[in-house]
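Worksheet: one structure, shown below.
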Amino acid sequence: MTKAFIQEMEATLHKEETRLRDEITELKEEDPKNSSNSMTSASLGDDETDAAAEATAHEDQKILEESLEAQLRDVEGALERISKGTYGTCKYCDKEIAEARLRARPESSSCVECKKARTLEA
Ligand SMILES: [Zn+2]
C-alpha cells in the first residue's frame, strides 16, 4: 500500500466525515421533537393518525440518525488508524486490506475474508 493511496483515502474520509456531520446536524434540526419552534407541525390538530404518522417519522429519523452516527464512528476510526499508521490492515487477521475494497469503502477495518466469516457467524 503506497503513501499516496493512504493520503487519497484520508482526503476521502475527511470529506465523508464533514458530509456525515452536516447530515446529522440537519437531521437534528429537522426533528420536530428536538426543535424549539415545533408549533407549525404540531398545531394541525390532535388527530390520532397525525400523531401516529409523526411518531413514525420520528422513529425513521432516529434510525437514520443512528446509522449516520455509526458511519461517522467508522470514518473517525479509520482516520485514527491513519494517524497511528495502522490503516489498511485487517483488525482480525493483520493482513493488508485490498486497495479495491478500501476504494469502495475507505472506512473498512477488516479484509473481505474476515468480513465474510464474521457475517456468517452473526
Ligand atoms: Zn482479515
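The values are calculated or read from the model by the stated rules, or taken from the named source; none is laboratory data. These numbers were taken from a predicted model, which means no experiment stands behind them. For neighbour counting, all protein chains shown are included, and Cβ atoms are generated from backbone atoms with ideal geometry for every residue, glycine included. Only protein heavy atoms, including side chains, enter the accessible area calculation; ligands, DNA and RNA are left aside. Shrake-Rupley method; radii C 1.70, N 1.55, O 1.52, S 1.80 Å.
If you go through the stretch 62-98 and keep only what is under 14 Å from the mean Cα position of the chain (by Cα) and not hydrophobic (A, V, I, L, M, F, W, C), you end up with LYS62, GLU65, GLU66, SER67, GLU69, GLN71, ARG73, ASP74, GLU76, GLY77. Within the stretch 100-121, the set of residues being under 22 Å from LYS15 (Cβ atoms) and acidic (Asp, Glu) comprises GLU107 only. Do you know which of the residues in the stretch 89-104 that are surrounded by fewer than 14 Cβ atoms within 10 Å (Cβ to Cβ) and basic (Lys, Arg) is nearest to the ligand (Cβ to nearest atom)? The qualifying residue nearest to the ligand (Cβ to nearest atom) is LYS95.
For the stretch 6-21, which positions are open to solvent by less than 70 Å² (accessible area, probe 1.4 Å) and touching a Leu at 6+ places or on another chain (Cβ under 8 Å)? Matches in the stretch 6-21: MET9, GLU10, LEU13, GLU17, LEU20.
Results for (1) of a type outside the set (Phe, Trp, Tyr); (2) under 15 Å from MET1 (Cβ atoms); (3) away from the ligand (no atom under 14 Å from the Cβ), shown as yes or no for each residue.
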| position | (1), (2), (3) |
| --- | --- |
| GLY77 | yes, no, yes |
| GLY85 | yes, yes, yes |
| LYS115 | yes, no, no |
| ARG118 | yes, no, no |
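Taking the stretch 45-66 as the search range and keeping residues that are open to solvent by 50 Å² or more (accessible area, probe 1.4 Å) and under 21 Å from GLU17 (Cα atoms), which one is farthest from the ligand (Cβ to nearest atom)? Residue satisfying both the conditions and the ranking: LYS62.
On the given criteria, is LEU72 away from the ligand (no atom under 16 Å from the Cβ) and in contact with a helix residue (DSSP H, G or I) (Cβ under 7 Å, 6 or more places away or on another chain)? Considered against the rule, which asks whether it is away from the ligand (no atom under 16 Å from the Cβ) and in contact with a helix residue (DSSP H, G or I) (Cβ under 7 Å, 6 or more places away or on another chain), LEU72 comes out as yes. For the stretch 64-86, the condition holds for at least one residue, the condition being that it is part of a loop (DSSP other than H, G, I, E, B) and without any contact (Cβ under 8 Å) to a residue 40 or more places away in the chain.
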